[in-house]
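The values are calculated or read from the model by the stated rules, or taken from the named source; none is laboratory data. Owing to the predicted nature of the structure, the values given are computational and were not obtained by experimental measurement. Here the Cβ positions follow ideal geometry from the backbone for every residue, glycine too, while neighbour counts run over all protein chains shown. Surface areas here come from the heavy atoms of the whole protein model, side chains and all, with no ligands, DNA or RNA. Shrake-Rupley method; radii C 1.70, N 1.55, O 1.52, S 1.80 Å.
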Number of protein chains: 2
Amino acid sequence: MKLATLKNGSRDGALIIVSKDLSKYTDASDIAPTLQSALDAWATMAPRLKTLSEALESGDAPSMPFDQSAVESPLPRAYQWVDGSAYINHVELVRKARGAEVPASFYDDPLMYQGVSGPNLAPHDPIPFTDMAWGYDMEGEIAVITDDVPLGVSEADALGHIKLILLCNDVSLRGLIPAELGKGFGFLQSKPPCAFSPVAITPDELGAHWKDGLVHLALQIDYNGKPFGRPLAHKDATFSLARLVSHAAKTRPLTAGTIVGSGTVSNKGPDGDPGKPVSEGGLGYSCIAEIRMIEKIATGESVTPFMSPGDTVKIEMLDDNGQSIFGSIENEVKAV
Amino acid sequence: MKLATLKNGSRDGALIIVSKDLSKYTDASDIAPTLQSALDAWATMAPRLKTLSEALESGDAPSMPFDQSAVESPLPRAYQWVDGSAYINHVELVRKARGAEVPASFYDDPLMYQGVSGPNLAPHDPIPFTDMAWGYDMEGEIAVITDDVPLGVSEADALGHIKLILLCNDVSLRGLIPAELGKGFGFLQSKPPCAFSPVAITPDELGAHWKDGLVHLALQIDYNGKPFGRPLAHKDATFSLARLVSHAAKTRPLTAGTIVGSGTVSNKGPDGDPGKPVSEGGLGYSCIAEIRMIEKIATGESVTPFMSPGDTVKIEMLDDNGQSIFGSIENEVKAV
């Protein structure tokens, strides 16, 4: 089933069920007023929501047209957002651009940081812009939402705790990252609020495209209306999303409604090379930083600028019939 | 007024008001069912809660005896927990123990990380113990809870967004920190859930002891029933709590119910030296790591072990009459 959170003037919005083709929705707040409340008691709520979802599909439930701009991120504020780096090609490019090696441990011990998750941007919210020097960038990611995950969960058991899948635009302030990481405590100011896709889906909606804890489809990232990235979310993933959940839970239980991110989806080129822009027949990139690094590796200089007011990013994922699965994240950078 | 969250089998507990002497409480859930819901509409809720608090003090409200072990942390799950390092003496000791300098920027740019805040440990919960090699340690801290804080708030304006003050035991896994920080993304597995004090108070409860965004009183930290630390929370603070709130909000608004921590309270000795244990007439330490660093600086070897099952830590703060202000955090390390 597909779930979303209708804007209603409250902090947490109202839970709705969206049809598989994203054309209509039905109110689910009689079952659970908010997505968080559904996740708090998922084992009992999920079957009831599924029944309503089936009634929506068959036309037996009251429905209204679904408007992607009328929803919050599925969790407008979440108790936890931890973001991994499953696609180590991204890390390799960062390091290569500055002439550094990737430590061997990075291939079996995920990088992960805890980020801000309240308030999250709505899927079609602007990205508030303050200062060009902050280096505004997008990052196209896959994310999952868990129920309660016990401390020390294995990767195999973690898979069963992935209840919902969604997309993320992890907004990043590249201009602030070097100094902040240099301080040694990780990201804080360099990671402002993310936007998530209008709809979060149960894994069964992906059918065979959900396999081994990875989504076997391409992210569709457009920048200023042009194709920018078409990376495959299952390719070059060093870690599955289940492995990232297990990593996050090694020393602490995860509370229901925890969102775990994949990190920037990033593919190597066909020969293990950094890959080409979409305009040159490649799969492109999920963030501007990567094309800047590739430019730097190739010519010694980054040319593509980071985002400034007026720039737009659109992130979605299409099924085999070209139908949008999660709806689209659409953010325009706007001066505050 | 003093607020707490009664355990009631739900994830968020029930909001209660506690008397100034911590002897009795009255149910406040008619005004706001939970502390989070009160913070979500603080401007309207606070006056109503204050009226009830005054009725509790005067005996005009129904009351029950207050039991510190019957409460959750004030926010059993919070949308955000960011922890600063206001007491740079702690950082100086860490660096000195490994022969490194403290970068000059650390004196005007706070260190801060985002940590896990759901579920938080209850004030008298055990600390779940898994592995001696993880290096279990406590950290005695001051923390504040904000209402909604706008992006880019100044330090002066941030002060007014501090609605509640409480104490924190920031449990830390010292054995995991070096490798995790070495990866460059900051703390994640090395910071399991914290415990907070039974009671959170409005700043006016501290009278003249709340000044310039700092609490002008000593933390009382006992380890295994003996005085371990009596550090002064206003002394050697490089940054005020308002400054830490402002730092956290530089690139993002803070959602109501954000908890901001001071970092380990840490004082220098009278001559700027690292300070002495309480047993030798000093103010002692807020964490085991500090005494281990001082041992290492003095003799080349750390002697005091980190915590193991059966070890207990108690953290509280006393007013001028020796009365506990926030109640006490009391955690015993217990194998899971």
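Restricting to the range A:85-112, and then to whatever is closer than 13 Å to A:Ala289 by Cα and open to solvent by less than 20 Å² (accessible area, probe 1.4 Å), can you tell me which residue is farthest from the other protein chains (Cβ to nearest Cβ)?
A:Asn89
Identify, by number, the condition in (1) surrounded by fewer than 23 Cβ atoms within 10 Å (Cβ to Cβ); (2) under 30 Å from B:Gly186 (Cβ atoms) that B:Asp30 doesn't meet.
B:Asp30 satisfies every listed condition except (2).
Would you check which residues across the range B:288-323 are open to solvent by 40 Å² or more (accessible area, probe 1.4 Å), under 23 Å from the mean Cα position of the chain (by Cα) and hydroxyl-bearing (Ser, Thr, Tyr) and list them?
B:Thr312
State the number of residues belonging to the range A:187-216 that are away from every other protein chain (no Cβ under 14 Å) and either of a type in the set (S, T, N, Q) or under 25 Å from A:Ser117 (Cβ atoms) (or both).
Qualifying residue count for the region: 14.
In the range B:3-15, is there at least one residue being acidic (Asp, Glu), more than 14 Å from every other protein chain (Cβ to nearest Cβ) and touching a residue at least 24 places away in the same chain (Cβ under 8 Å)?
No: zero hits.
Take A:Val245 and tell me if it is modelled with pLDDT of 95 or more, open to solvent by less than 30 Å² (accessible area, probe 1.4 Å) and assigned to a strand (DSSP E or B).
No, not satisfied.
So which residues in the range A:277-287 are of a type in the set (Ser, Thr, Tyr) and either buried (at least 21 other Cβ atoms within 10 Å of the Cβ) or within 21 Å of A:Asn169 (Cα to Cα) (or both)?
Answer for the range A:277-287, where residues must be of a type in the set (Ser, Thr, Tyr) and either buried (at least 21 other Cβ atoms within 10 Å of the Cβ) or within 21 Å of A:Asn169 (Cα to Cα) (or both): A:Tyr285, A:Ser286.
Please count how many residues of the range A:104-114 are at pLDDT 90 or above and not in a loop (DSSP other than H, G, I, E, B).
Of all residues in the range A:104-114, those at pLDDT 90 or above come to A:107-114.
Retained after the next criterion (residues that are not in a loop (DSSP other than H, G, I, E, B)): A:107, A:112-114.
Adding up the residues that qualify gives 4.
Hey, does the range A:329-336 have a residue that's under 17 Å from A:Thr264 (Cβ atoms) and open to solvent by 60 Å² or more (accessible area, probe 1.4 Å)?
For the range A:329-336, residues under 17 Å from A:Thr264 (Cβ atoms) and open to solvent by 60 Å² or more (accessible area, probe 1.4 Å): absent.
Only one residue in B:Pro123, B:Pro128 is more than 27 Å from B:Thr251 (Cα to Cα) and away from chain A (no Cβ under 11 Å), so which one is that? Walk me through how you get there before you give the answer.
Working: B:Pro128 fails: away from chain A (no Cβ under 11 Å).
Only one candidate passes the filter, namely B:Pro123.
Looking only at the range B:155-186, count every residue that is away from chain A (no Cβ under 14 Å) and either touching a helix residue (DSSP H, G or I) at 6+ places or on another chain (Cβ under 9 Å) or on the phi > 0 side of the Ramachandran plot (or both) and tell me the total.
Looking only at that region, the number is 11.
Among the residues of the range A:55-89, count how many are in contact with a helix residue (DSSP H, G or I) (Cβ under 7 Å, 6 or more places away or on another chain) and closer than 18 Å to A:Leu167 by Cβ.
First, the residues of the range A:55-89 that are in contact with a helix residue (DSSP H, G or I) (Cβ under 7 Å, 6 or more places away or on another chain): A:61, A:63, A:74-75, A:82, A:84-86, A:88.
With the extra rule that they be closer than 18 Å to A:Leu167 by Cβ, the set shrinks to A:74-75, A:82, A:84-86.
Qualifying residue count, the range A:55-89: 6.
Hey, can you tell me all the residues within the range A:248-276 that are over 30 Å from A:Ala43 (Cβ atoms) and crowded, with 19+ Cβ neighbours inside 10 Å?
Selection gives A:Thr264, A:Val265, A:Ser266, A:Asn267, A:Pro274, A:Gly275.
Among the residues of the range B:240-281 satisfying the criterion of being without any contact (Cβ under 8 Å) to a residue 40 or more places away in the chain and of a type in the set (D, E, K, R), which is nearest to the other protein chains (Cβ to nearest Cβ)?
Within the range B:240-281, the match that is nearest to the other protein chains (Cβ to nearest Cβ) is B:Asp273.
Report yes if A:Ile127 is open to solvent by less than 10 Å² (accessible area, probe 1.4 Å), farther than 20 Å from A:Glu332 by Cα and at pLDDT 95 or above, otherwise no.
no
Would you pick out the residues in the range B:126-137 that are at negative phi and over 15 Å from the mean Cα position of the chain (by Cα)?
Within the range B:126-137, B:Pro126, B:Ile127, B:Pro128, B:Phe129, B:Thr130, B:Asp131, B:Met132, B:Ala133, B:Trp134, B:Tyr136 qualify.
Mind counting the residues in the range B:131-154 that are out of contact with any Ser or Thr (no Cβ under 8 Å at 6 or more places or on another chain) and either hydrophobic (A, V, I, L, M, F, W, C) or more than 13 Å from chain A (Cβ to nearest Cβ) (or both)?
Counting residues in the range B:131-154 that are out of contact with any Ser or Thr (no Cβ under 8 Å at 6 or more places or on another chain) and either hydrophobic (A, V, I, L, M, F, W, C) or more than 13 Å from chain A (Cβ to nearest Cβ) (or both) gives 2.
Of everything in the range A:295-336, what is in a strand (DSSP E or B), among the charged types (D, E, K, R) and more than 14 Å from chain B (Cβ to nearest Cβ)? Give them in sequence order.
Initial filter on the range A:295-336 (in a strand (DSSP E or B)): A:307, A:312-318, A:324, A:329-335.
If we keep only those that are among the charged types (D, E, K, R) too, we end up with A:314, A:316, A:330, A:332, A:334.
Answer for the range A:295-336, where residues must be in a strand (DSSP E or B), among the charged types (D, E, K, R) and more than 14 Å from chain B (Cβ to nearest Cβ): A:Lys314, A:Glu316, A:Glu330, A:Glu332.
Any chance the range B:41-64 includes a residue that's surrounded by fewer than 24 Cβ atoms within 10 Å (Cβ to Cβ), within 22 Å of B:Asn120 (Cα to Cα) and away from chain A (no Cβ under 14 Å)?
The answer is no; no qualifying residue exists.
Looking only at strands (runs of 3 or more DSSP E) that fall completely inside the range A:1-103, which ones have 1 or more residues that are under 16 Å from A:Gly257 (Cα atoms)?
Ranges flagged: A:2-6, A:14-18, A:80-84.
Among B:Ala256, B:Ala289, which is the only one that is in a helix (DSSP H, G or I) and either of a type in the set (Gly, Ala, Ser) or out of contact with any Ser or Thr (no Cβ under 9 Å at 6 or more places or on another chain) (or both)? Give the derivation first.
Values: B:Ala256 fails: in a helix (DSSP H, G or I).
On inspection, the qualifying residue turns out to be B:Ala289.
Only one of (1) open to solvent by less than 10 Å² (accessible area, probe 1.4 Å); (2) more than 30 Å from A:Ala14 (Cβ to Cβ); (3) part of a loop (DSSP other than H, G, I, E, B) is not met by A:Ser117, so which one is it?
Condition (2) is where A:Ser117 drops out.
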